[in-house]
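A.B. asks: What follows is a single structure, and I will ask about it in a moment.
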Amino acid sequence: MRVGVYGLGRFGSFWAQVLARHAEVRAWSRDPSHPAPPGVTRAGEDEVLAEPAVFFCVAISAFEEVLARTASRIPAGTLVMDTCSVKSMPAALMGRLLPPGVSALATHPMFGPDSAGESLEGLPMVLCPVRIDPDELERWRRFFTSLGLSVAVMDPDEHDRQAAFTQGVTHYLGRVLKDLGVAPSAIGTVGYRRLLEIVDQTCNDPWQLFLDLQRFNPHTREMRERLGRSLEAVMAAIDGVPRRGTDVAGT
């Protein structure tokens, strides 16, 4: 199997190296300082776009510009997959911008270099069909499953609705905790150490990824509003204001 990886940022380099264990991988990056990881061949932009399957590993906010610039150079018969952490927006862009003869599958590997540093086993992978033959979709579902991933096929909006809480709230709290200045402590409890792990797993990613997660998922505003109301309710209870329908102790 041959695949192309377009973009060698932090996730792109990690993903190219994962794929290279099972396929012949060519990768391209506009930044010459980003080397190809072990097992991956660095190639020109058009060479990568000509591979039978191409993964776009670019920032969510850059995806429209990149796809608009490259779509006309992608040959018919190619399968294009994004790896963005939101799905409704890139799925719509691929459906609109890719030529009719190019297949499209929106994907979200819900892990990265930190959370998958030791193993992919059991980690979630979401597939959102855009324009793809059912047999080809099934081949890729089996491939990702063979990596040890837990693969789910779903509608892009359903992905975004769930990810606003399963992923969006985690990254949001990780950034809040980092801003709070949490740090290792000799008397840190198990729970506290787990909070530090959240910071480690979310704050090593680029700041732009955090902003894009919050801005391009149509359901994260609801998450933040509900989180804000919950924080206010808990603060009010601490200050002695009974919660609706309960006393201060919550009974």
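The values are calculated or read from the model by the stated rules, or taken from the named source; none is laboratory data. Just so it is clear, the model here is predicted, and its values are computed rather than measured. Please note: Cβ atoms are built from the backbone with ideal geometry, for glycine as well, and neighbour counts cover all protein chains shown.
A.B. asks: Please give the number of the condition SER72 fails out of (1) in contact (Cβ under 8 Å) with a residue 24 or more places away in the chain; (2) in a helix (DSSP H, G or I); (3) surrounded by 14 or more Cβ atoms within 10 Å (Cβ to Cβ).
C.D. replies: Unmet condition: (3).
A.B. asks: Among the residues of the range 61-68, is any under 14 Å from the mean Cα position of the chain (by Cα) and hydroxyl-bearing (Ser, Thr, Tyr)?
C.D. replies: Yes.
A.B. asks: Could you run through the range 100-124 and say how many residues are more than 13 Å from the chain's Cα centre (by Cα), free of Cβ contacts under 8 Å to residues at least 60 places away in the same chain and not in a strand (DSSP E or B)?
C.D. replies: Number satisfying all stated conditions: 8.
A.B. asks: Determine whether SER29 is closer than 21 Å to LEU98 by Cα, modelled with pLDDT of 95 or more, in the same structural domain as ILE132 (by TED's automatic domain parsing) and loosely packed, with under 15 Cβ neighbours inside 10 Å.
C.D. replies: So SER29 does not fit the description; no.
A.B. asks: Can you pull out every residue in the range 167-203 that is polar (S, T, N, Q) and surrounded by 13 or more Cβ atoms within 10 Å (Cβ to Cβ)?
C.D. replies: Of everything in the range 167-203, those that are polar (S, T, N, Q) and surrounded by 13 or more Cβ atoms within 10 Å (Cβ to Cβ) turn out to be GLN167, THR170, GLN201, THR202.
A.B. asks: Which of the numbered conditions does MET94 fail, given that it passes all the others? Conditions: (1) over 15 Å from the mean Cα position of the chain (by Cα); (2) over 25 Å from ARG221 (Cα atoms).
C.D. replies: All conditions are met except number (2).
A.B. asks: Against the definition (touching a helix residue (DSSP H, G or I) at 6+ places or on another chain (Cβ under 8 Å), over 25 Å from MET94 (Cβ atoms) and touching a residue at least 40 places away in the same chain (Cβ under 8 Å)), how does GLN208 come out, yes or no?
C.D. replies: So GLN208 does not fit the description; no.
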